[in-house]
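Taking it in order: structure first as structure tokens, then the write-up.
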């Protein structure tokens, strides 16, 4: 139907008429909804070119068109293509409406989302601070949009482990939502959940648990026991118990979350794979290797098929499976997996990224276990160098790395070097 409508518009109005652009957009959205991004992209590009004509007012049609195409690029991880579109949309909005207009705030948030996805925190932070300033000025310190801006800035600090800066912002956002929406609103549950995550990341489990439980109760009451957001809360509470080695409390929750995701999303969805991986890790922690292995393998198969072999979830799962093999001394099965994760990290993140150092450390540990000391040493050295250069002085990883390397040196009979290394820490 949309193809037919597009032909009519092109014939009756011409290929560059604004209504033709609308028909192009409608057809693109149909393809988009079916996951046919390759078919949607040229249609949205054509629509954008129509809106860019001098006769067209740049606002709001052009900004909407820029934003829509940018989102399509983001879904496909074409971040370099998305960024200039979002920057243009922001620039046009600022010019048309002013630097402190609420629509400008929305365009700032669009660009922030792109930067956060790429972990470009330095670029994102001033934009979020601007967005917060706009909402506070235009709407007041206790408006719901102000709560959203506070929450977004808190998440950015959270991502960077700037916990002391994130916590009061999360608290302010939660207080606004509880006051305006009530203690049992879904947005209140989001604030509770994120504040709990912040506490978990700091191992403040006693503070996190009641918040997770409140969020779960809200979602069960408002969404039902089998909703995907309910499954998310179930999983979060389970992970809290797992982190505290409360395995009996964690296991039935992880099984519930898995059952919900399998039922609603299907057996081959990436979120189902997340649940498989989480349950496998629980069994792994308890040395229930025979139960963990098929779950890891199922998750890996899903990630590879749905996300690709270089996706971060794929490599994380691959590393988990390798560690399972290593813990069982199945070194021949572990080694190619660890080598793959290292190669992917080097290609995707660079040779001096901390995650690359993690992969170097894991492979070095495997060689260390097998007394392949000459192969392990240069990997430990590379990992230590990266940690020392890239991580702040308060990060524990450089010290852990020195301990691992010192242990290797002792195993090689180089006690003096091991002692000096530990004294340097």
task: Considering only segment 317-339, state which residues are surrounded by fewer than 20 Cβ atoms within 10 Å (Cβ to Cβ) and free of Cβ contacts under 8 Å to residues at least 24 places away in the same chain.
output: 330, 332, 333, 336
task: Could you please find all residues in segment 286-296 being surrounded by fewer than 21 Cβ atoms within 10 Å (Cβ to Cβ) and touching a helix residue (DSSP H, G or I) at 6+ places or on another chain (Cβ under 7 Å)?
output: 286, 289, 291, 293
- request: Of the conditions (1) within 24 Å of residue 148 (Cα to Cα); (2) surrounded by 15 or more Cβ atoms within 10 Å (Cβ to Cβ), residue 43 clears all except one; give me its number.
  value: (1)
- request: May I ask you to say which residue of 98, 38, 14 is out of contact with any helix residue (DSSP H, G or I) (no Cβ under 6 Å at 6 or more places or on another chain), at positive phi and modelled with pLDDT of 85 or more?
  value: 98
- prompt: Which of the residues that make up segment 217-235 are within 13 Å of residue 253 (Cβ to Cβ) and surrounded by fewer than 22 Cβ atoms within 10 Å (Cβ to Cβ)?
  reply: 220, 225, 232
- request: Take residue 157 and decide whether it is modelled with pLDDT of 95 or more, surrounded by 20 or more Cβ atoms within 10 Å (Cβ to Cβ) and within 23 Å of residue 79 (Cα to Cα).
  value: yes
- prompt: What number goes with the only condition from (1) closer than 28 Å to residue 309 by Cα; (2) over 23 Å from the mean Cα position of the chain (by Cα); (3) surrounded by fewer than 23 Cβ atoms within 10 Å (Cβ to Cβ) that residue 406 does not pass?
  reply: (1)
field: Residue satisfying condition, being over 28 Å from residue 75 (Cα atoms), in contact (Cβ under 8 Å) with a residue 12 or more places away in the chain and surrounded by 22 or more Cβ atoms within 10 Å (Cβ to Cβ), within set 128, 139, 174, 180
entry: 174
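The values are calculated or read from the model by the stated rules, or taken from the named source; none is laboratory data. The structure presented is a predicted model; accordingly, all values stated were derived computationally and were not measured. Every residue, glycine as well, gets a Cβ built from its backbone with ideal geometry; the counts of neighbours run over all protein chains shown.
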